[in-house]
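The values are calculated or read from the model by the stated rules, or taken from the named source; none is laboratory data. On a predicted model such as this, the values are computed, not experimentally measured, just so you know. Here the Cβ is made from the backbone with ideal geometry for all residues, glycine too, and neighbour counts use every protein chain on show. Note: accessible area is taken over every heavy atom of the protein model, side chains too, but ligands, DNA and RNA are not part of it. Shrake-Rupley method; radii C 1.70, N 1.55, O 1.52, S 1.80 Å.
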Amino acid sequence: QVQLVESGGGLVQPGGSLRLSCAASGIRFSMYGMGWYRQAPGKQRELVADIISSGATNYADSVKGRFTIHRDNAKNTAYLQMNSLKAEDTAVYYCYRLPSGPWGQGTQVTVSS
């Protein structure tokens with residue numbers, strides 16, 4: 001059974017940083033791409049960043065230069081380093097195994113002073 005568990009969310013001031021983690025089990029992690037998505041209240045879920053098995057990455061324009069996705073195959077974990085956070089980054093952040101899931105349970109990120 002594939003399971004993804006996110007952690008690392010919380011409340012942070014504008015300009016601050018957070019690192020999200022997505023721990024995977026039940027899969028051969030190194031073979032799969034992983035994605036981070038987010039959903040703000042009243043909005044659709046959107047892709048934030050993804051990383052394929054080769055390590056190539058892709059980012060939404062809104063987070064380029066501020067967020068970094070990376071993976072540690074030895075730890076079966078994907079990370080999202082978020083710097084220079086803005087109020088508009090407030091959302092529930094979800095981890096996703098490409099191409100067909102599952103989703104993690106989500107972790108709340110709130111950027112507010």
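Excluding ligands, DNA and RNA, the accessible surface per residue across the range 74-113 is 46 Å² with a 1.4 Å probe. For a paramagnetic label modelled on SER84 (point 7 Å from Cα along Cα→Cβ), amide N atoms under 19 Å away belong, within the range 45-65, to 48-50, 58-65.
Each label was represented as a point 7 Å from its Cα along the Cα-to-Cβ direction; for ALA40 and THR68 these points are 2.5 nm apart. The value of relative contact order for the chain, using C-alpha pairs under 8 Å at least six residues apart, is 37 percent.
On the basis of the beta-carbon distance and an R0 of 41 Å, LEU11 and ASP61 show a calculated FRET efficiency of 0.95.
For the options GLY65, GLY35, GLY101, a Gaussian network treatment of the chain with springs between C-alpha atoms closer than 10 Å singles out GLY65 as fluctuating the most. If the elastic network links every pair of Cα atoms under 10 Å, which of SER62, SER30, SER21 fluctuates the most in the Gaussian network model of the chain? Answer for the Gaussian network model of the chain: SER62. In the range 1-111, the portion of solvent-accessible area held by carbon and sulfur atoms comes to 47 percent [1.4 Å probe, whole percent, DNA, RNA and ligands not counted].
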